[in-house]
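Computed from the coordinates by the stated procedures, all read-outs in this text should not be read as laboratory data. Because the structure is a prediction, the values reported are computed rather than measured. Counting neighbours? That spans all protein chains shown, and the Cβs are built from the backbone with ideal geometry, glycine included.
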Amino acid sequence: MTATILRLMRVEDLPGVNALLIRAFSTARRDEGFSCPALALCRMEFLRFYQQDTPGSCWVAEAEGRLCGVVFGHGWGRAGWIGPLAVSPECQKRGLGRALLERCTDELRGLGCRLVGLETDPASLNNLAFYSVLGCTPGPLLVDLVHEIEPGWVVETEPLLISYGQEPAPFESHLPAFLEANGVEADYLHLARLLQQHRFGESWLEMEGDQVRLFAALQIIPVSVQERAGVGRIMAVVGPGGTGADRLEAFIHSAAARSGCSHVVVRLSTWQMGLLAALLRRGWRLINSHLRFYITGGEKRGNGGMHLNKWD
Ligand SMILES: CC(C)(COP(=O)(O)OP(=O)(O)OC[C@H]1O[C@@H](n2cnc3c(N)ncnc32)[C@H](O)[C@@H]1OP(=O)(O)O)[C@@H](O)C(=O)NCCC(=O)NCCS
C-alpha cells in the first residue's frame with residue numbers, strides 16, 4: 001500500500017489544488033443531491049491570496065506524487081479559521097480529512113490562535129457528520145445578504161472614509177487599539193496588508209477627527225472564474241455596539257461604491273436578529289447560509305461591539 005504524506009502547500013501546487021477542490025466539492029454535492037452540484041474553478045489569484053495568508057498552515061496530502069487532500073489555514077492574531085478543506089473522492093474515508101484538519105489546527109494554535117473555527121454548508125449532512133464526529137462545537141448559522149448599490153452612491157464629505165491603499169498610516173497606528181476596544185480577537189491589520197499586497201480588495205476606516213468609528217475589509221476579486229466582477233464581499237466589519245442597520249448600510253455602501261462595486265455582500269450571524277431583520281426590511285436579499293463550527297474556543301453572544309466576518 002502506498003504511503004500518504006502530509007507536507008506544506010507550495011505555490012506550484014495551486015493548479016492541482018484547484019482541480020482537487022472542484023472535483024471533491026462537485027462530487028460531494030452531486031452525491032448529496034444538490035440541484036446545481038458542479039462548481040467552477042477558483043481564480044488563481046484567489047488561491048494565491050489564500051495560500052499567502054498564513055503559508056505555514058496550508059497543507060497537502062500526497063501519495064505517489066499525486067495530491068489527494070488539501071487544507072488552507074488562516075491565522076489572524078488570536079483568531080484562526082480553516083477553509084477550504086477537501087480530500088479527493090477516491091481517498092475519502094481513510095482518515096485524511098481528520099489528519100489535515102488536525103495538522104492545520106495544531107499550526108494555528110502554535111501561532112497563538114485561541115479560537116479556531118470553520119464554516120460549512122448546513123445542507124451537507126456528510127459535513128455535519130464529519131465535523132461532529134471530530135468533536136467540533138456548532139456555533140451560529142450565518143447568512144449572506146446582498147444589496148445593490150445605487151449608481152452614484154458616494155458620501156463625498158461626511159463621514160470621512162479612508163482606504164488602506166491610499167493612507168495606510170491611520171490603519172497602522174489606530175486599528176489594533178480600535179479592535180481591542182471592541183473586543184475583536186482577529187488581527188485585521190494583517191488582513192488589510194494582505195488585501196493591499198495582493199490587490200485583492202480594499203480596507204476602509206470611517207474617521208471622526210482622529211478617532212476610528214468603523215472598520216471594513218472588502219474583497220473585490222471574485223472567487224471563481226464564473227462569478228461576475230463588481231460584487232464586493234465584506235470580509236470583516238467592526239464598529240461599536242448599537243451600530244444600527246442604517247449606519248452599517250451607509251458605511252459599507254460607501255466603501256463598496258468607492259471600490260468600484262455595483263453590489264455588496266455581507267455575512268451576518270443569525271444571533272444578530274435585530275440587524276438581520278432590519279437589513280431584510282431595507283431590501284437586502286438572503287442568498288446563502290453557512291454553519292459555523294469551533295474546533296477550539298468560541299465566540300460569545302453579544303460581546304458588546306458589532307463584529308461581522310466572512311471566514312470562508
Ligand atoms: C469532508 C471531507 C474533507 C472528509 O474527509 P475524509 O478523509 O473522508 O474524512 P475522514 O476519513 O478523516 O473522517 C474522519 C471521521 O469522520 C467520520 N465521517 C466522515 N464522514 C462521515 C459521515 N458522512 N457520516 C459519519 N461519519 C463520517 C469518519 O468515519 C471518521 O471517523 P473516525 O475517525 O472515528 O473513523 C471529505 O468528505 C471531502 O473532501 N468532502 C468534499 C469537500 C467538502 O465538503 N469539504 C468540507 C468543506 S467545509
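Taking the helices alone, the chain has a mean residue ellipticity at 222 nm of -10000 deg cm²/dmol, built from -39,500 (n - 2.57) per DSSP H run of at least 4 residues and averaged over all its residues. Between the helical axis of 168-181 and the longest alpha-carbon principal axis of the chain there is an angle of about 80 degrees.
Legend: translational diffusion of the chain by Stokes-Einstein, Rh = Kirkwood radius over C-alpha pairs, 10 °C, 1.306 mPa s; D = 79 µm²/s. 3J(HN,Hα) along the range 200-215: 9, x, 9, 10, 9, 10, 9, 10, 10, x, 9, 9, 7, 9, 9, 10 Hz, from the Karplus curve 6.51 cos²θ - 1.76 cosθ + 1.60 with θ = phi - 60°, whole Hz, x for Gly and Pro. No solvent, one uniform scatterer per C-alpha: report log10 I(q)/I(0) for the range 4-113 via the Debye equation at q = 0.18 1/Å, two decimals. Computed log10 I(q)/I(0) values: -0.87. Among the cysteines of the chain, those whose beta-carbon sits 4.7 Å or more from every other cysteine beta-carbon are 36, 42, 58, 104, 113, 136, 261. Summing charges over all other residues whose Cβ lies under 11 Å from the Cβ of residue 3, with Lys and Arg as +1 and Asp and Glu as -1, gives -2. Of the trypsin sites (Lys or Arg not before Pro) found in the range 51-144, the ones in coil according to DSSP and having at most 16 other Cβ atoms within 10 Å of their Cβ are 78, 93, 94, 114. Between helix 245-258 and the chain there is an angle of about 80 degrees, using the helix long axis and the longest principal axis of the Cα atoms.
Between helix 188-197 and the chain there is an angle of about 80 degrees, using the helix long axis and the longest principal axis of the Cα atoms. Across all Cα pairs in the range 251-295, the calculated P(r) in 5 Å bins from zero up to the longest distance comes to 5, 17, 24, 23, 16, 10, 4, 1 percent per bin. Ranking 221, 165, 175 by Cα position along the charge dipole of the range 156-237, where only Lys, Arg, Asp and Glu carry charges on their C-beta atoms, puts 221 farthest toward the positive end. For the range 34-112, a crude dipole built from +1 on the beta carbon of Lys and Arg and -1 on the beta carbon of Asp and Glu, taken about the Cα centre, is about 160 debye to the nearest 20. The per residue volume of the convex hull around the alpha-carbon atoms of the range 145-309 is 126 Å³.
Under the convention that each Lys and Arg Cβ holds +1 and each Asp and Glu Cβ holds -1, the size of the dipole of the chain around its Cα centre is about 820 debye. For the range 227-273, the fraction of C-alpha pairs more than 15 angstrom apart is 47%.
Here the scattering of the range 214-300 is modelled by Debye summation over its C-alpha atoms, one equal scatterer each and no solvent; at q = 0.15 Å⁻¹ the log10 of I(q)/I(0) is -0.63. Dipole magnitude for the range 145-309: computed about the Cα centre from +1 point charges on Lys and Arg Cβ and -1 point charges on Asp and Glu Cβ, it is near 700 debye. 3J(HN,Hα) couplings calculated from phi for the range 126-133 with the Karplus curve 6.51 cos²θ - 1.76 cosθ + 1.60 (θ = phi - 60°) are, in sequence order, 4, 5, 4, 5, 4, 5, 5, 4 Hz; Gly and Pro show x.
Towards the positive end of the charge dipole of the chain, with charges on Cβ (+1 Lys, Arg; -1 Asp, Glu), say which of 254, 59, 307 has the farthest Cα. Toward the positive end, the furthest listed residue is 59.
Sequence-distant contacts, meaning Cα pairs under 8 Å at least 6 residues apart, place the relative contact order of the chain at 21 percent. May I ask for the longest run of the chain untouched by GluC sites (Glu not before Pro) that are loop-located per DSSP and have at most 15 neighbouring C-beta atoms (other than their own) within 10 Å? Result, exposed sites excluded: 65-155. Amide H to amide H, with H built 1.01 Å from N, residue 182 comes under 5 Å of no residue 5 or more places away or on another chain.
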